[in-house]
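Visitor: One structure is given below, represented as structure tokens, and several questions about it will come after.
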Amino acid sequence: MRKLIAGMKISVDGKYEGPKFGADWVEAWSDDYGLTPQIDACLLGGGMYPGYEQYWTGIQNEPEKPAWITGNPPTPAELDWARFIKKTPHYVLSNKLTSAQWSNTRFVHGLEEIAALKQQSGKDIYLLGGARTAASLIDAGLVDEFRLIVYPLIAGEGKALFATSEKRRGLELRRVQQLKDGKIILIYGIE
Ligand SMILES: NC(=O)c1ccc[n+]([C@@H]2O[C@H](COP(=O)([O-])OP(=O)(O)OC[C@H]3O[C@@H](n4cnc5c(N)ncnc54)[C@H](OP(=O)(O)O)[C@@H]3O)[C@@H](O)[C@H]2O)c1
């Protein structure tokens, strides 16, 4: 069965986003979890999809300009990701959204459809977030692995990852790796 692997970036105090829109301490939104070689589909929540589509469409269309949200020129890794997602199916969990600009985006409406996606043949599926979707899919037992990049920062005000989790879940620490600029990546298997 294909694995569903979530990847998210948090501060040391567990915030995935500051008090205003976005996590202004994140310098780039590429796949920094090392997942690209092992995935052939992306899954994300309806809350983050419109902003995600806008951010990456901007980079795809105007790669030389500063990216929306970060305000920085796209990094080489972001340019790689922008190319990768052009040819990669995206599944958006939503009962409100009905249309997307990208022709490779499909909507899924519930957990059964995600369970069915995992049964299809193919590589693993990358769950990009957001927070409520990650929490609800972990609660439902659908996420096999969680990759967290922890930034060396106490964000203070902001939104806490797992704030909406309803179930206690054991995690198996599989790998810890130091990244540049004081970040670390924690890779957990989910029982
Ligand atoms: N720090 C990071 O690494 C990171 C990564 C990704 C995103 N983010 C941030 O996260 C924010 C978005 O997160 P969010 O928690 O607000 O929204 P979200 O998780 O992207 O989306 C929530 C929506 O997904 C759908 N959904 C979730 N669970 C469902 C279920 N069990 N059954 C049916 N539908 C379900 C619902 O859509 P409908 O209401 O449309 O039905 C729900 O409103 C963004 O601001 C983004 O910047 C941060």
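Bear in mind these aren't lab numbers, they're just calculated from the coordinates by the rules spelled out. Everything quoted here is computed from the prediction, not taken from an experiment. Note that we place each Cβ from the backbone using ideal geometry, even for glycine, and neighbour counts take in every protein chain shown.
Visitor: Say the dipole of the chain comes from +1 at the beta carbon of Lys and Arg and -1 at that of Asp and Glu; which of GLY189, PRO152, GLN120 then lies farthest toward its positive end?
Guide: GLN120
Visitor: Where the centre of each part is set by its Cα atoms, how far does the range 15-47 sit from the range 108-185, in angstrom?
Guide: 10 Å
Visitor: Here is a further query. Give, to the nearest whole percent, the P(r) tail of the range 82-145 beyond 18 angstrom, counting all Cα pairs.
Guide: Of all Cα-Cα distances in the range 82-145, 38 percent exceed 18 Å.
Visitor: Please compute the Cα-Cα pair-distance distribution of the range 1-98 with 10 Å bins starting at 0, giving whole percents from short to long.
Guide: 13, 45, 37, 5, 0
Visitor: Kindly work out what percent of the DSSP beta bridges joining two residues of the chain are antiparallel, to the nearest 5.
Guide: Taking every DSSP beta bridge with both residues in the chain, the antiparallel ones total about 40 percent.
Visitor: Still on this structure, please answer the following. In nanometres, what is the gap between the two model label sites at LYS123 and LEU79, each 7 Å from Cα along Cα-to-Cβ?
Guide: Between LYS123 and LEU79, the label points sit 2.1 nm apart.
Visitor: With the calculation restricted to Cα positions, what are the radius of gyration and Dmax of the chain in angstrom?
Guide: Both quantities, over Cα of the chain: 15.9, 45 Å.
Visitor: What does a probe at GLU166 reach in the range 30-55, counting residues whose amide N is under 19 Å from the point 7 Å along Cα→Cβ?
Guide: 45-47
Visitor: For the range 98-144, with only Lys/Arg (+1) and Asp/Glu (-1) charged at the beta-carbon, what is the dipole magnitude about the Cα centre, in debye rounded to 20?
Guide: Computed charge dipole of the range 98-144: roughly 160 debye.
Visitor: Further question on the same structure: Under 1.5 on a/c is rounded, so check that first for the range 47-102, then, if it is not, pick prolate when a/b is larger than b/c and oblate when it is not; a ≥ b ≥ c are the square roots of the alpha carbon gyration tensor eigenvalues.
Guide: It is prolate, given that a/c is not under 1.5 and a/b is the larger ratio.
Visitor: For the pair LEU173 and ALA28, how long in nm is the line joining their label points, each one 7 Å along Cα→Cβ?
Guide: Here the answer is 2.8 nm between the modelled labels.
Visitor: For the range 32-142, with only Lys/Arg (+1) and Asp/Glu (-1) charged at the beta-carbon, what is the dipole magnitude about the Cα centre, in debye rounded to 20?
Guide: Rounded to the nearest 20 debye, it is 200 debye.
Visitor: Thinking of the range 121-191 as a set of Cα atoms, what percent of all their pairs are more than 18 Å apart?
Guide: The proportion of pairs with Cα distances above 18 Å equals 48 percent.
Visitor: Here is a further query. With unit charges on the beta carbons (Lys and Arg positive, Asp and Glu negative) and the dipole taken about the Cα centre of the chain, which residue among PRO66, HIS109, GLY51 sits farthest to the positive side?
Guide: About the Cα centre, the residue reaching furthest to the positive side is HIS109.
Visitor: Rounded to whole Hz and in sequence order, give me ³J(HN,Hα) for the range 98-110 from the Karplus expression 6.51 cos²θ - 1.76 cosθ + 1.60, θ = phi - 60°, writing x for Gly and Pro.
Guide: 10, 9, 9, 6, 7, 6, 9, 9, 10, 9, 10, 10, x
Visitor: Only Lys, Arg, Asp and Glu count, each charged at its Cβ (+1, +1, -1, -1), so figure out the dipole size of the chain about its Cα centre, rounded to 20 debye.
Guide: 260 debye
Visitor: Provide the per-residue ³J(HN,Hα) series for the range 81-87, in order, calculated from phi with Karplus coefficients 6.51, -1.76, 1.60 and θ = phi - 60°, each as a whole number of Hz, with x at glycine and proline positions.
Guide: Values, residue by residue: 5, 4, 6, 4, 6, 4, 10 Hz.
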